[in-house]
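S.K.: What follows is a structure written as structure tokens; I'll ask about it next.
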Amino acid sequence: MPEVRVRTEDLTKVFYDDGRGEVRAVDSVNITCESGEILGLLGANGAGKTTTLRMLATVLAPTGGNAWVHGHEVREAAEQVRASLGFYSASTALYPKITPRETLRFFARVNNYPKARLEQRVEYLIDRFGMESFSDSRVEKLSSGMKQKVSIARTVAHDPPVLIFDEPTVALDVLNAIELRDIIAKLRDDGKAIIFSTHIMSEAEQLCDRIAIIHHGRILATDTLDGLRQSTGHHYLEDIFVHYANSSGSDDAIGMVSDEVVG
Amino acid sequence: MDLRQIWTLFRHEVRCALRERNIVIYSIVLPVVLYPALLWAAFAGISFVQGQSSRMTSRVVILDSPTAHSVFVDSLDANDRFDVIESDVDRAGLISRIAQGNLDALLEFTPPSEGGAALDGNFGLVISFNEARDRSASTRSRLEAEIEEYRLAWVDRERQALGVDDTVWADFLITRENIASSEDMTRFLLGVLVPMLTLLMVTIASFYPAIDATAGERERSTWETLMSVASPRANVAAAKYLYVAVFGMAGGLLNLAALTLSLQWILAPVAGEESRALATSGGIPPSALVVIAVGTALLGLFVSAGMLMFAVFAKTFKEGQSMIMPFYFLMIMPAFFLQDPDIEFTMQLALIPVVNMVMVIKAAIMGTSDPLLAVTSLGVMSLCVALAIGFAQWVMSSEEVMVGSQEGGLSKFLKTRFTNRKAQA
């Protein structure tokens, strides 16, 4: 029986910029994500995806609304929230001077994974992600594909029930991107609740069980791909996205879509 | 605070740091090897220059030498350190040669003053030299020493001829007695060197770790990774502080150890026979080692808190360097101002943080410790360390600072904080 693992309620983030004044980067976002589900957060660059995910990961504090991860409120129980999730993004790098084995040991331990089972967990992850041949080499010496495996293993080192992937394939070549998507799909099969942000349409189509379309900080629609097709009458996700972006009333919607969202 | 988590984070910071070349060089290799080596090079250089200078020949022309004092002229001529030149050039020409560096000094015998003329054979002397030329200035000193020796012998002969009694004459003699032992000389030298090097080493050894733990992490994009771990931010900040402080203290203490162990090697070229005494006395007095260790620890804790406070706002390594630099110079300034061996340790100095630790270490080495000043200094410094840690903790408890969304440096942060508070009031 799937459980709701992530829930937001009017989640809002307002930044103050010297030049632009008040900027509502995220505006009353309401999403949920269940165990064994991948929720795609689809939007152009600057739509508010990363800010939303950073608030869920407690890297940023919300200015309005609220969010719960595995039952813990992001503002009141930030440590428990972080213990319950693994956060992966293009900007979360690895420590170059330590080995994959040391990386996994450190992240499992600092995320409160039981000490008695720690070594067993590290060995399991090395085996599962095929890192045997380079587990004791320094991260700085690894190829980008190897680093990517270490990054994912680091994200799940403490076996969290919730995983957040923020544009994880943005800097990867085609083969590595395919491998990463396979790994994420397997993690869903393990019962993880996964939020996956992307601006690549094909990725969202292939991987996500439900898709939330975010534009200018607001969620315009959340449904399965079939549900979105039925609601809009369009078959392709790109057309569906343009449909919602245009109906949101923003003048620059089509321009942004053609520039940023072509997968 | 979860000590287990802080320990895990601290160990992680240290492990990464020990594999970072720059940190190992500046915080470990430099204190152990480079500074003792540089000191040795400096001392060896000084003794080389002194040796060269002692082998130098002074070129002198003597004018109007009276036959009564030909012994003096002959003794100079026979002295290897002097080259007494016969010259037909007039006085103006000789002065010109001294100015050009072709001659070092001109010695002219002159008639004695009116009072001195009563003594038969008495004389006056004028030494013309060029103070702007080292060789000429050294020649003047050599000539003065030779003249003084000859004058004393001549006056002694004359007073005997006049029947002045030995015991009466002895009352006019000045006898010099240096009461400083070789250990005292060691303490004097170390009192100048050790406080300066300790402060320098603590500051240098904290510098790279402070930037590495903050701006370095942001530049490597590992900061966000660390911010997403389950540990409270206060634990992360505490571990980073411990890491910087341990490296700062280690830098100071390693330097001290290296300096103590290599003392004989460093000072041998200048100390000569004294160096044997240095080795047997152990260099730094054992009683001073505890005071130096406590002083170094307090300096490390204070400097680390200050450096982290500035560096935590930096987004890149370069930005971190420029943000820390003013604080760095402020910290090492006392090392240069307090090098004067005559500076007195007063209650006013005991109330100035960092300066007081330099003076406490100096007094402990020189064996001139005043318990009241030492206790006051340690108390003041401990209070300042507590305040610095408290302030750093307050700065690093800010969500904006820790997640890196705070723009600008410490001053902008404080301005924003106090402006907001005023606005809220």
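The values are calculated or read from the model by the stated rules, or taken from the named source; none is laboratory data. A quick note: this is a predicted structure, and the numbers were derived from the prediction, not measured. Neighbour counts run over all protein chains shown; Cβ positions are idealised from the backbone, glycine included. The area values use the complete protein model at the heavy-atom level, side chains included, leaving out ligands, DNA and RNA. Shrake-Rupley method; radii C 1.70, N 1.55, O 1.52, S 1.80 Å.
S.K.: Across chain A, how large is the tail of the calculated P(r) beyond 31 Å, expressed as a percent of all Cα pairs?
M.R.: Roughly 26 percent, rounded to a whole number.
S.K.: Can I ask one more? Taking chain A as the reference, fit the longest principal axis to its C-alpha atoms, fit the long axis of helix A:237-247 to the helix C-alpha atoms, and give the angle between the two in degrees, 0 to 90, nearest 10.
M.R.: Value to nearest ten degrees: 50.
S.K.: Related question: Among the chymotrypsin sites (Phe, Trp or Tyr not before Pro) within the stretch A:177-250, which fall in a DSSP loop and have no more than 15 other Cβ atoms within 10 Å of their own Cβ?
M.R.: Those that pass, being in a loop and sparsely packed, are A:Tyr236.
S.K.: I'd like to know how chain B sits against the 2.2 N^0.38 Å rule of thumb: what's its Cα Rg over that expected value?
M.R.: Taking the Cα Rg and dividing by 2.2 N^0.38 Å, one obtains 1.43.
S.K.: List the longest stretch of chain B that has no exposed loop site; here a site is one of the GluC sites (Glu not before Pro) assigned by DSSP to anything other than H, G, I, E or B, with at most 11 other Cβ within 10 Å.
M.R.: The segment B:178-272 is the longest one with no such site.
S.K.: Then there is this: Over all distinct Cα pairs, what is the inverse of the mean 1/r for the stretch B:338-391, reported as the Kirkwood hydrodynamic radius in Å?
M.R.: Kirkwood hydrodynamic radius for the stretch B:338-391: 11.3 Å.
S.K.: Diagonalise the Cα gyration tensor of the protein assembly as shown and give the resulting equivalent ellipsoid semi-axes, square root of 5 times each eigenvalue, largest first, whole Å.
M.R.: 79, 26, 23
S.K.: Can you tally the net charge around B:Met325? Count Lys and Arg as +1, Asp and Glu as -1, for every other residue whose Cβ sits under 14 Å from the Cβ of B:Met325.
M.R.: My count for the surroundings of B:Met325 gives 0.
S.K.: Expressed in nm to one decimal, what extension gain is obtained for the pair A:Arg24 and A:Glu9 from 0.36 nm per residue of sequence separation less their Cα-Cα distance?
M.R.: Here the answer is 3.8 nm.
S.K.: What residues have an amide H closer than 5 Å to that of A:Ser89, excluding those fewer than 5 places away on the same chain, when H is modeled at 1.01 Å from N in the peptide plane?
M.R.: Sorted by chain and number, the residues that satisfy this are A:Asp166.
S.K.: Next question. On a 0 to 90° scale, report how tilted helix A:144-155 is relative to the longest principal axis of chain A, with both axes built from alpha carbons and the result rounded to the nearest 10.
M.R.: The two axes meet at around 90 degrees.
S.K.: May I pose another question? Using a 10 Å cut-off on Cβ atoms, rank the peptides B:331-339, A:182-190, B:235-243 from the highest mean neighbour count down.
M.R.: Top of the packing list down: B:235-243, B:331-339, A:182-190.
S.K.: Quick check for you: with a 1.4 Å probe and neighbouring chains kept, what is the accessible area per residue of the stretch B:57-170, in Å²?
M.R.: 58
S.K.: Quick one: pull the percent of accessible area on the protein assembly as shown belonging to carbon and sulfur, 1.4 Å probe, ligands and nucleic acids left out.
M.R.: Carbon with sulfur: 55 percent of the solvent-accessible area.
S.K.: For labels at B:Thr110 and A:Asp226 in the simple 7 Å Cα→Cβ model, what's the distance in nm?
M.R.: Output for this residue pair reads 12.0 nm.
S.K.: Follow-up question, since we're still on this one. Give the accessible area for A:Cys33 in Å² (nearest 10); use a 1.4 Å probe, count only protein heavy atoms, and leave out ligands, DNA and RNA.
M.R.: Roughly 0 Å² of A:Cys33 is accessible to a 1.4 Å probe.
S.K.: Under the definition of partner shielding as Cβ atoms of other protein chains within 10 Å of a residue Cβ, what is the mean value for peptide B:373-386?
M.R.: Mean partner shielding for this stretch: 0.
S.K.: What FRET efficiency comes out for the pair B:Ala117/B:Asp166, r = Cβ-Cβ distance, R0 = 25 Å, nearest 0.05?
M.R.: 0.40
S.K.: Could you tell me which helices of chain B pass both thresholds, a Cα extent of 24 Å or more along their own axis and a mean Kyte-Doolittle hydropathy of at least 0.0, with helices taken as whole DSSP H runs?
M.R.: Correct list, ordered by number: B:35-55, B:182-211, B:233-261, B:286-311, B:317-337, B:371-396.
S.K.: Please report the relative contact order for the stretch A:4-254, taking Cα pairs under 8 Å with a sequence separation of at least 6, and give it as a percent rounded to a whole number.
M.R.: 26
S.K.: When Lys and Arg each count +1 and Asp and Glu each count -1, what net charge do the other residues less than 15 Å away from B:Gly101, Cβ to Cβ, add up to?
M.R.: Once positives and negatives cancel, what remains is +1.
S.K.: For B:Arg59, what residues show an amide H to amide H distance below 5 Å, using hydrogens built from the backbone and excluding near sequence neighbours?
M.R.: Sorted by chain and number, the residues that satisfy this are B:Asp83, B:Asp104, B:Ala105.
S.K.: Right, here's the next one. With viscosity set to 1.567 mPa s at 4 °C, what whole-number translational diffusion coefficient in µm²/s follows for the stretch A:1-102 from Stokes-Einstein and a Kirkwood radius over Cα pairs?
M.R.: Approximately 87 µm²/s, per Stokes-Einstein.
S.K.: I'd like the mean, over residues of A:74-80, of how many other protein chain beta carbons sit within 10 Å of each residue's own Cβ.
M.R.: Rounded to a whole number, the mean comes out at 2.
S.K.: Now for a separate question. Need the list of lysines near A:Lys192 for cross-linking: C-alpha distance under 18 angstrom, and skip anything on the same chain fewer than eight residues off.
M.R.: Here the lysines satisfying the reach criterion relative to A:Lys192 are A:Lys149.
S.K.: Which order do you get for B:Leu383, B:Leu378, B:Leu94 if you rank them by accessible area with a 1.4 Å probe, largest at the top?
M.R.: B:Leu383, B:Leu378, B:Leu94
S.K.: What residues qualify as long-range amide H neighbours of A:Arg218, i.e. H under 5 Å apart, gap of 5 or more or another chain, H built at 1.01 Å from N?
M.R.: A:Asp27
S.K.: How large are Rg and Dmax for the stretch B:109-160 when only the alpha carbon atoms are used, in Å?
M.R.: 13.5, 42
S.K.: Please state, rounded to one decimal and in Å, the Kirkwood hydrodynamic radius that the stretch B:179-256 gives when every pair of distinct Cα atoms enters the mean of 1/r.
M.R.: 14.8
S.K.: Check each of the trypsin sites (Lys or Arg not before Pro) in the stretch A:1-79 and keep only those in coil by DSSP with at most 11 other C-beta atoms within 10 angstrom; list them in order.
M.R.: A:Arg20
S.K.: Just the number, please: buried accessible area between A and B, total of both chains, 1.4 angstrom probe, nearest 100 square angstrom.
M.R.: 2600
S.K.: Grab the other residues whose beta carbon is less than 11 angstrom from that of B:Arg233, score K and R as +1, D and E as -1, and report the net.
M.R.: Counting the neighbours of B:Arg233, the net charge comes to 0.
S.K.: What accessible area per residue comes out for the stretch A:38-85, rounded to a whole number of Å², with a 1.4 Å probe?
M.R.: With all protein chains present, the stretch A:38-85 gives 28 Å² per residue.
S.K.: Keeping all protein chains in place, calculate the accessible area per residue for the stretch B:329-383 (probe 1.4 angstrom), answer in Å².
M.R.: Using a 1.4 Å probe on heavy atoms only, each residue of the stretch B:329-383 averages 50 Å².
S.K.: Mind checking A:102-111 for the average number of partner chain beta-carbons within 10 Å of each residue's beta-carbon?
M.R.: Mean inter-chain Cβ contacts per residue within 10 Å come to 5.
S.K.: Going out from 0 in 10 Å bins, what whole percent of all Cα-Cα distances in the stretch B:1-106 drops into each bin?
M.R.: 12, 21, 16, 11, 10, 10, 9, 8, 4, 0
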